[in-house]
Every structure is written in structure tokens, then in C-alpha cells.
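Novice: Provided herewith is a single structure, encoded as C-alpha cells, for subsequent inquiry.
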Amino acid sequence: MKPASTALQNLLASRQFYAADLYTFALVGGGMLRLCAGDRDLTASGNRFSAQGPRIDRKDNKAKCHWKIGVEVDTLVFDVLPQPGDLVNGQPFLAACVQGVFDGAELTLERAFMSVYGDTSVGTVLLFAGRVAEIDLGRAVATFTINSHLELLNQKLPRNLWQPGCVNSLGDASCGVDLAAYAVAGSAEAGSTAHLVNAALAQPSGYFDQGKLGFTSGANAGLSRSVKSWVSGTPGVIALLAPFPQSPAAGDAFAIYPGCDKTLGVNGCAKFANTARFRGFPYVPIPETAV
């Protein structure tokens, strides 16, 4: 049973109403994408859903939502047919899919019921919520498969493994490092690209490896990417694991955070004066020699 307001229940009982599906993508790298499968734009819960962007159609022209009793993962499958000029973070829709913009994104599917098209005052019904699991790309269509949050239960046990590297994630409760205290402000310099950011930073090479860079101004403001490597120089070069949608312009400001290689070395816990919380087992023998 899905919750619905009394006004919405009365409207449904009248059997005379309009309906439109509303899709909300919360992108991992920052940003929200709201799409409407109806004929015109709709505003619901204070958010505007665009019907002018990519066309959304359920796979095989019908809704493919699978709900199961128990703890099996529910799924939702739908097709997206982008039109020329449909952009996500400055990239064509299909190119954004290839670049991984939607990887791990949260999706919420609601259905709006209206006595008059455009009047969403009675509220919406939440049909599905989950994370993007897979995207199958064609020349003109992208097929999204969404897994419900029950997928999070599919974790191996025991939770903590005996391994040489630290099992903590940098900045989590077990690690205890306050990453905000290690933020370094900088700005892109001339010659920067979507993959490589030139910057003048005082830290030695390797300091920001496996860290994070987020722009605070410019075309990529609000977006962040993982750092593959940092090589100091004049200027230094920050290599990213995934590109930004657009090449940063000279002067675009960013904040960059150091990473941790999960060891007791200079680029691990020692960098953060946090060796007391190290939870790795560097002397565990390799499987071939373990008895």
C-alpha cells in the first residue's frame, strides 16, 4: 500500500484525472536532473520537471517495475531517447552516460495525478526509488536499469576483512579524520583540460593521489572528481580518474583534498597523524603461503 493524501484518494476514486510520471536523478558528482514523461512541464513539491528534455519511455512501451515480497532486489527498467541539444552537465546525454555521469546516481520515480493538467496540488505517489545499476547504450537510446535500495543488503560478511590495507574509509567515523581541515584552495591555470588540471600547489608529488577535487567556481562549479595523481611542478598537474564535463578556464577556483593509500607510509595514516586508528594487518601472509 502506497501512502496518498485524502484529496488524491478522492481524485482517484472519481476515475477522471490526468497522470504523468516524474523522474528525479540525483547525480553522484553533484546536480539534479528532473524529467517529466507528460506532454508539458510540471511543478510538484516545489520542483520543476521538464518535458522538453529527453523522452522517457518504458521498455517495450510499458512500465517494467518489478516488486517482490521479501528481500529480493526490486528493479525498474526504462528507455531514454535524447533529442539533439539535450545536455547533462554540459555534455550530450548519451556522451554523459558513456562518461559515467549517471553511475551510482539515485533515481526517484513519482506519478502525479491531476484533475486539470498542471494542477499537482493533491500530491504525488512514490512508485520507485533506487540507484542506477546498468545503462545499455545504443545509437539513439539508453536503457536504464534501476535497483532498489535493497541492493545495499548484498554485502559480503564478515564486514571487516583481514587484509594488509586499512579497512577504514578516509574521513568516516572509524577513521576519524576531519577532511575539511585538510582542504587546499587553488585555481586552474592556463592549459587545463577536462582530464588534467594545471595548478600551482605547494604540496609534494603524490600528496593528493586518491583524493578529491571539487570546483567552486566556473563552468564545473559544484562538481567533483577523484584524483588519480598529483605531480608538483611549475605548474603542477592534477590527473583525474574521470573528466569534468567542460575544460576549466584559467582562474576557476577549486578545493582539493589529499587521499590515503591505506598504509602506514607517508601517503597513508602518517599523512594525517592518524596511525592510532590504522585498521590494517600488514603482516598477513599471502594466500599461497598461509596455512
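The values are calculated or read from the model by the stated rules, or taken from the named source; none is laboratory data. The shown structure was predicted, so the numbers you read here are calculated from the model rather than taken from an experiment. Cβ atoms come from the backbone with ideal geometry, glycine included; neighbour counts cover every protein chain shown.
Novice: Could you list, ordered by first residue, the pairs with Cβ atoms under 8 Å in which the first is in the stretch 117-143 and in the same structural domain as D57 (by TED's automatic domain parsing) and farther than 12 Å from C97 by Cα and the second is among the hydrophobic types (A, V, I, L, M, F, W, C) and in a loop (DSSP other than H, G, I, E, B), at least 6 apart or interchain?
Specialist: Going by the 8 Å Cβ cut-off, the qualifying pairs are G123/A4; V125/A4; R131/A105.
Novice: Can I ask one more? Identify all residues within the stretch 184-220 that are exposed (fewer than 14 other Cβ atoms within 10 Å of the Cβ) and aliphatic (A, V, I, L, M); write none if there are none.
Specialist: A185, A190, A200, A202
Novice: Check A181 against each of (1) modelled with pLDDT of 90 or more; (2) within 23 Å of the chain's Cα centre (by Cα); (3) not in a strand (DSSP E or B) and name the one condition it does not meet.
Specialist: (2)
Novice: What is the one condition in (1) closer than 21 Å to N89 by Cα; (2) modelled with pLDDT under 95 that D252 does not satisfy?
Specialist: Only one criterion is unmet by D252, namely (2).
Novice: Now, a different point. Going by the conditions given, is D103 farther than 24 Å from A4 by Cα, touching a residue at least 12 places away in the same chain (Cβ under 8 Å) and charged (D, E, K, R)?
Specialist: On the way: farther than 24 Å from A4 by Cα: yes; touching a residue at least 12 places away in the same chain (Cβ under 8 Å): yes; charged (D, E, K, R): yes.
It is true that D103 is farther than 24 Å from A4 by Cα, touching a residue at least 12 places away in the same chain (Cβ under 8 Å) and charged (D, E, K, R).
Novice: Among the numbered conditions (1) touching a residue at least 60 places away in the same chain (Cβ under 8 Å); (2) of a type outside the set (S, T, Y); (3) closer than 24 Å to A242 by Cα, tell me where F78 comes up short.
Specialist: (3) is the only condition that F78 fails.
Novice: When the stretch 94-131 is examined, which residues are found to be in contact with a Gly (Cβ under 8 Å, 6 or more places away or on another chain) and farther than 30 Å from F17 by Cβ?
Specialist: Across the stretch 94-131, the qualifying residues are V101, R131.
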